[in-house]
Amino acid sequence: MSELTFTLADGAHARLRRMAAARGVSVEALLAAVVDRALAGEARRRFVERAGRGQVGDALRLLDRLERRG
């Protein structure tokens with residue numbers, strides 16, 4: 001696992017803490033879920049783009065990589 005440090009506006013940090021508390025998770029867990037979702041969305045976008053260009057082999061290889069990641 002990697003550790004990441006970044007700067008966040010105080011108001012955004014407070015909202016993030018409230019959101020995590022409302023879901024019963026830590027801020028770290030909430031951020032990890034947000035990043036996972038963003039990365040999955042990017043992978044989906046690339047898949048659709050490649051499939052749309054007729055690069056079916058590339059799109060299927062991308063799906064295979066995603067399935068291996070779980």
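Here are some notes:
- Scanning the stretch 46-56 for residues that are part of a loop (DSSP other than H, G, I, E, B) and small (G, A, S) yields a count of 1.
- Count of the stretch 1-45 residues, restricted to those that are closer than 30 Å to D64 by Cα, open to solvent by 90 Å² or more (accessible area, probe 1.4 Å), in a helix (DSSP H, G or I) and not basic (K, R), is 3.
- Single unsatisfied condition, G70 versus (1) on the phi < 0 side of the Ramachandran plot; (2) within 19 Å of the chain's Cα centre (by Cα); (3) at pLDDT below 80: (1)
The values are calculated or read from the model by the stated rules, or taken from the named source; none is laboratory data. The shown structure was predicted, so the numbers you read here are calculated from the model rather than taken from an experiment. Surface areas here come from the heavy atoms of the whole protein model, side chains and all, with no ligands, DNA or RNA. Shrake-Rupley method; radii C 1.70, N 1.55, O 1.52, S 1.80 Å.
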